[in-house]
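Participant: Please see the structure below; I have some questions.
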């Protein structure tokens, strides 16, 4: 007879993912063992393996849960009737809101992607490409004269402005995430239209 799933199964699973995000961000994926994760969760290695078949599956969940929230934010912005520049502003605000609450996951996503098995890495990269393509489309809509050769660099420069905020931005500081987002958008757009 198959075991029934505990009512708090998903909560426990997410608690493991949250601890893993912190450990992998602080020590790197290779520097944090499953035993370290079990200690951080005040549980056993066998219980960790009850929720995840492998350490790489935990890493994937850390990244997937974060990028899924970014894609969802993109889709919500895409469904609005805002003009392209306002969509970019709204998107950046959503990204900064998410980054402010998930700095560890963002750091893991940026630093540990190569640690995933190829098939899992391809899934994450595909979602990243969706985000990049959306920003490219917004930039092109704002400036139809932007040629194809400069479109990808412009989008990547935009992401370069916001993606690394986890290294220095403190949500409890004097500047709220939406203000940082507006500053980042303004800088990106001034660079696009000097």
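Here, each number is a calculation from the coordinates, and none is a lab measurement. Every value quoted in this text rests on a predicted model; they were computed, and no experiment measured them. We place every Cβ from the backbone using ideal geometry, glycine too, and count neighbours over all the protein chains shown.
Participant: Mind checking which residues of segment 34-83 are touching a helix residue (DSSP H, G or I) at 6+ places or on another chain (Cβ under 8 Å), under 26 Å from residue 119 (Cβ atoms) and assigned to a loop (DSSP other than H, G, I, E, B)?
Facilitator: Scanning segment 34-83 gives a single hit, 52.
Participant: How many residues does segment 146-156 hold that are surrounded by fewer than 16 Cβ atoms within 10 Å (Cβ to Cβ) and either touching a strand residue (DSSP E or B) at 6+ places or on another chain (Cβ under 9 Å) or closer than 22 Å to residue 91 by Cβ (or both)? Don't jump to the end; show me each part of the working.
Facilitator: Taking segment 146-156 as the starting set, the residues that turn out to be surrounded by fewer than 16 Cβ atoms within 10 Å (Cβ to Cβ) are 147-150, 152-153, 156.
Cutting the leftovers down to either touching a strand residue (DSSP E or B) at 6+ places or on another chain (Cβ under 9 Å) or closer than 22 Å to residue 91 by Cβ (or both) gives us 148, 150, 152-153, 156.
Count: 5.
Participant: Further, regarding this structure: Only one of (1) under 19 Å from the mean Cα position of the chain (by Cα); (2) loosely packed, with under 14 Cβ neighbours inside 10 Å fails for residue 184. Which number is that?
Facilitator: Among (1) under 19 Å from the mean Cα position of the chain (by Cα); (2) loosely packed, with under 14 Cβ neighbours inside 10 Å, residue 184 violates only (2).
Participant: For segment 3-14, does any single residue satisfy the condition of being crowded, with 20+ Cβ neighbours inside 10 Å and not in a helix (DSSP H, G or I)?
Facilitator: No: zero hits.
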